[in-house]
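Student: Submitted below is the structure of interest, expressed as structure tokens.
The values are calculated or read from the model by the stated rules, or taken from the named source; none is laboratory data. Quantities reported herein were computed from a predicted structural model and do not represent experimental measurements. All Cβ positions, even for glycine, are placed from backbone atoms using ideal geometry, and neighbour counts span all protein chains on display.
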Amino acid sequence: MNESEPRRQGLDAYEGHVGQLVVFVRRMVEESGEPEGFDASAWIATWLAHPCYALGGRMPKELMTSVYGRELVARLLARMRSGAYPDPGKHNEAANP
């Protein structure tokens, strides 16, 4: 095994987890009845890269490296879906371009 192989495996795993979030957000928007023109992949990429009020100002992508962190991120999205927590864009305009 070369040195870049574990790194690639870690990147593949991260991308897989992000892919799951994209699917979740896409479904969430489809269920809202207003999916036209919404790019879930772009939204997730932007959201992951900006500090989030609900995560104590941390960027969601910082939490994606552990099982616990991924659960926190997924739970936050689920709370947003239910309306229990407002869209983070209301606290950070960069998160909702």
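Student: Go through (1) more than 15 Å from Tyr14 (Cβ to Cβ); (2) at pLDDT below 90; (3) assigned to a loop (DSSP other than H, G, I, E, B) one by one and return the number of the condition Pro51 breaks.
Tutor: Going through (1) more than 15 Å from Tyr14 (Cβ to Cβ); (2) at pLDDT below 90; (3) assigned to a loop (DSSP other than H, G, I, E, B) one by one, Pro51 breaks only (2).
Student: Here is a check on your reading of the model: is Arg70 among the basic types (Lys, Arg) and at pLDDT 90 or above?
Tutor: Yes: the conditions hold for Arg70.
Student: Here's something else I'd like to know. Specify the residue that is surrounded by the fewest Cβ atoms within 10 Å (Cβ to Cβ); the eligible residues are those in region 23-44 that are closer than 18 Å to Arg70 by Cβ and of a type in the set (A, V, I, L, M, F, W, C).
Tutor: The residue in question is Val23.
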